[in-house]
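Here the structure comes first, spelled out in structure tokens, and everything after it is commentary.
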Amino acid sequence: MQRITVDTYRYKGYLSFEDSLTLRTVPVEDDLIQGAAMLSVVARNFFKQGAVTATKMTKPAQAPTKAPMIMKSYLSHQSTLPKLPVPPLQQTLYKYLLAVQPLLSEDEYTNTKQIVDKFGKPGGLGERLQMKLWQRAQKTESWLSEWWLHAAYLDIRSPVVINSTPGIAFPLQDFADQKEQLRFASKLIAGVLDYKVMVDSENLPIDMMGGQPLCMDQYYKILSSCRIPGPKRDSVVVYPGNKANAPKHIIVIHNNHFFTLDVYYPSGKPLGIDELFAQLEKIINMSPKRARPVGILTTEHRNTWGKAYRKLKKLDKANKKILKEIERSIFVLCLDEHTDNIPLDQRLSELACQMLHGGGSTKNSGNRWADKTLQFIVGTEGNCGISYEHAQAEGPPLISLLDHSLTFVEKVGNVPKSAPINLPDPKRLEFKVNEELLQDIEIAERHLDMIVDDLQVHAFQFQPFGKNMPKANRMSPDAFIQVALQLAYYRIYSQPAATYESASLRRYRLGRTDTIRSCTTDSVNFCKAMLNEKKTPSEKYRLLRKAVEAHKTYTNEALFGDVIDRHLLGLKLTAIESGLNVPEIFVDQAYQTAMHFKLSTSQVPSKFDLVMGYAPDVPDGYGVCYNPRETHTNFVLSAFNTSPETDAQKLATSLAASLMEMQQLTIQNEGSKL
Ligand code: COA
Ligand code: HC5
């Protein structure tokens, strides 16, 4: 009896069967896809084989469920999640051609099509790589997660600051004096420790999307964790809070001085807000003057920092201990000093910059440890937020922690003062440095200042409407914003750009992200129509809805791991790991163009009015991060000054104009719905 195994999953009302190589799609009734046994019958009929076993990979999307799911332990939940599938080869090649078409000339496209066809021909290189990748998927929890951690983070040698590490600014606080700054910081620490109870007891509410539980793995990696520089590849360490000898301290940095602050009593009880406040006050008094900024070394190119790290470690046993103390700490708290008086209209951008890079060597950039996964920043003027090293987690787990901690801060309000218990002073951590390291620090300061000078950041609140307007008109707000961005870019450059938007793969075990390619033939058709005076409003509106719909469809496919970017990366890495030459499809100019993301975007929604951003992905591109809220949207746009072609302010103006025009068009065609 011949037995074949097929992976099955549902694709827009059709059921797709795939053995490792072929994809065939048949229309099915909903009741036919209940259960693996029934799937096997469908598959057997379809393949006309004697025996077929079918594994159902994903469920059709359901209505979103808001109620959080509580499981006994996240570990038992993890094992119930499906594994990330390997998309069918022919499907990926087909979608790849669709994706590159709007970015290429006709000749380039014809050439690329030939290369792709050759790669995908029966018995060709593509099929051989696909088979190997499929085998890897059978053997591992996730065929992608480790590769992604290395390729997207730990192998990258450029400084983590701005290039990889995002900054998140809280709504401006109103601190009348330093006591208020410290009081806010104390409440924030208490709020995070309150959240940590859920993390340590593995009792976090399970996130849901489209009715499906999401992978929670990243939540257990954001506290007590750190990145460590390596000679060629960095590494990450995590010290779980529910293990023996779990860390009980945080690091506080003030005026570039480092301190260890124990945040639990020996009994295991967390310090109260008053105790934390008293300890922070001691730290302020113990560090009245700026120290040499050893922390700025962490902002260097990774190889340079790696060398300095080893020098620091070798120079003195105390240094080795300090490094370990920082790496193990639950998180870092940076108490920032005064920033200049910034005009009101630039305050939001300046705030975003403070979270992204600290403002430069003369400001707060030395008051950091950039390798630390989680750094809270609390500034004297109410300027607060976080900087998070990205290797371990995407934005959403961080936002969950922030939403909880900021709600905690709001709820505790003004705590009645109790007589603080006399606690031992926080321990000062003083690095020993020699001449060579002093020089390294100076060079790191210069390099960081170049990074700071080169980055344009334009943060703004788009106020005329938020998610409400597209929703009232039956459009996805995210798709609406992405199409507006396409129009904003096209208006300036008269051509489209390869665009990256993050899509969560957390539906799958150890899932991170895949790419939504927001530049589609439909988005380009819409942009062209908008700039064409001969087109009628109704024609423009029809194309707008088509572009929005195309984006939503791409998004839904991405959330099921059914798009092209991670799959192509997987095929490329399979070739490299098999000792083969990099296949022609990846050397082709079209692939370089498709991977040169001039628009690097992501949506990170939150309960609080957070403002978040990061740098562009390429020297001549833009970073665009947004937090869509019901009646407005916070945007942070970034670009590099060294690129004569880009201008964050100009893109922001064009974006706001595009959003307004799209609203007008919608009102004209739908009537006045907000
Ligand atoms: N009509 C009316 N309402 C609609 C609609 C329509 N056609 N389409 C969507 N909506 C509603 C949704 O129900 C939702 O409602 P809510 O605000 O009450 O929750 C809201 O509009 C937002 O939906 P949408 O704009 O379509 O986006 P999304 O929230 O589904 O997000 C992604 C899309 C891709 C951003 C999201 O799936 C994702 O992957 N997020 C993670 C990204 C990430 O990891 N970023 C950080 C990287 S570090
Ligand atoms: C607090 C907001 C952080 C957003 C960071 C983000 O979007 O990172 C993306 C991660 C990913 O895997 O898609 C990468 N990106 C910055 C290049 C969009």
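Read-outs throughout are calculated quantities, based only on the coordinates presented, and are distinct from any laboratory measurement. Worth saying up front: this structure is predicted, and the values here are computed from it rather than measured. For neighbour counting, all protein chains shown are included, and Cβ atoms are generated from backbone atoms with ideal geometry for every residue, glycine included.
Averaging the Cα positions of each part gives two centres, and for the range 547-579 and the range 632-674 these lie 28 Å apart. What does the charge count around SER267 come to, taking other residues whose C-beta lies under 15 Å from its C-beta (Lys +1, Arg +1, Asp -1, Glu -1)? Residues near SER267 contribute 0 overall.
Computed across the chain, the Kirkwood radius stands at 26.7 Å (inverse of mean 1/r, all Cα pairs).
The calculated Kirkwood hydrodynamic radius for the range 157-264 is 17.1 Å, given to one decimal from all distinct C-alpha pairs.
For ARG310 and ASP107, the FRET efficiency from 1/(1 + (r/R0)^6), where r spans their Cβ atoms and R0 equals 51 Å, is about 0.50.
Counting every Cα pair in the range 610-666, what percent are over 18 Å apart?
Working: 631 of 1596 pairs.
Within the range 610-666, distances greater than 18 Å cover 40 percent of Cα pairs.
In terms of packing, defined here as the mean over residues of other Cβ atoms within 10 angstrom, the peptides 580-586, 519-525 line up highest first as 519-525, 580-586. For the chain, the dipole from Cβ point charges (+1 on Lys and Arg, -1 on Asp and Glu) about the Cα centre works out to 1740 debye, to the nearest 20.
Considering all different alpha carbon pairs of the range 506-640, the Kirkwood hydrodynamic radius works out to 17.6 Å. Sorting 137-146, 232-241 by their mean Cβ neighbour count within 10 Å, with the most densely packed peptide first, gives 137-146, 232-241. In plain terms, the residue of CYS334, CYS215, CYS353 with the fewest other Cβ atoms within 10 Å comes first and the most crowded comes last, giving CYS215, CYS353, CYS334. Over the chain, dividing the summed -39,500 (n - 2.57) contributions of all DSSP H runs of at least 4 residues by the number of residues returns a 222 nm mean residue ellipticity of -13000 deg cm²/dmol.
Take 280-287, 192-199 and order them by the average number of nearby Cβ atoms within 10 Å per residue, most first; the result is 192-199, 280-287. Dimensions of the range 440-544 from C-alpha coordinates, computed as largest minus smallest value along each principal axis and given longest first, are 62, 41, 28 Å. Between the range 397-412 and the range 470-500, what is the separation of their alpha carbon centroids in Å? Answer, in whole Å: 31.
Amide hydrogen proximity for TYR264: with H placed 1.01 Å from N in the peptide plane, the residues at 5 or more positions away or on another chain lying under 5 Å are LEU271.
Full extension of the segment from SER672 to SER235, taken as 0.36 nm per residue of separation minus the current Cα-Cα distance, would add 151.9 nm.
Whole-Å semi-axes of the range 269-323's equivalent ellipsoid, largest first, each the root of 5 times a Cα gyration tensor eigenvalue?
Numbers: eigenvalues 183, 41, 28 Å².
Largest first, the range 269-323 gives 30, 14, 12 Å.
Along the charge dipole of the range 348-412, which of ALA391, VAL409, THR380 sits closest to the positive end, that is, farthest toward it, with unit charges on the beta carbon of Lys, Arg, Asp and Glu (+1, +1, -1, -1)? Farthest towards the positive end: THR380. Across the alpha-carbon atoms of the range 281-425, the computed radius of gyration and Dmax are 17.1, 49 angstrom. Taking 28 Å as the cut-off for C-alpha to C-alpha distance, list the pairs among LYS313/LYS598; LYS324/LYS607; LYS314/LYS427; LYS83/LYS467; LYS113/LYS471 that go past it. Going by Cα-Cα distance, LYS313/LYS598; LYS324/LYS607; LYS83/LYS467; LYS113/LYS471 fall outside the 28 Å limit.
To one decimal place, what orientation-averaged projected area in nm² is obtained for the convex hull of the Cα set of the range 199-358? For the range 199-358, the mean projected area of the Cα convex hull comes to 13.8 nm².
Once backbone amide H atoms are built at 1.01 Å from N, THR140 has no partners under 5 Å, excluding neighbours fewer than 5 places away on the same chain. The alpha carbon convex hull volume per residue for the range 502-582 rounds to 95 Å³. Beta bridges assigned by DSSP with both partners in the chain are antiparallel in approximately 70 percent of cases.
For PHE258, the residues whose modelled amide H falls within less than 5 Å of its own, excluding neighbours fewer than 5 places apart on the same chain, are LEU429.
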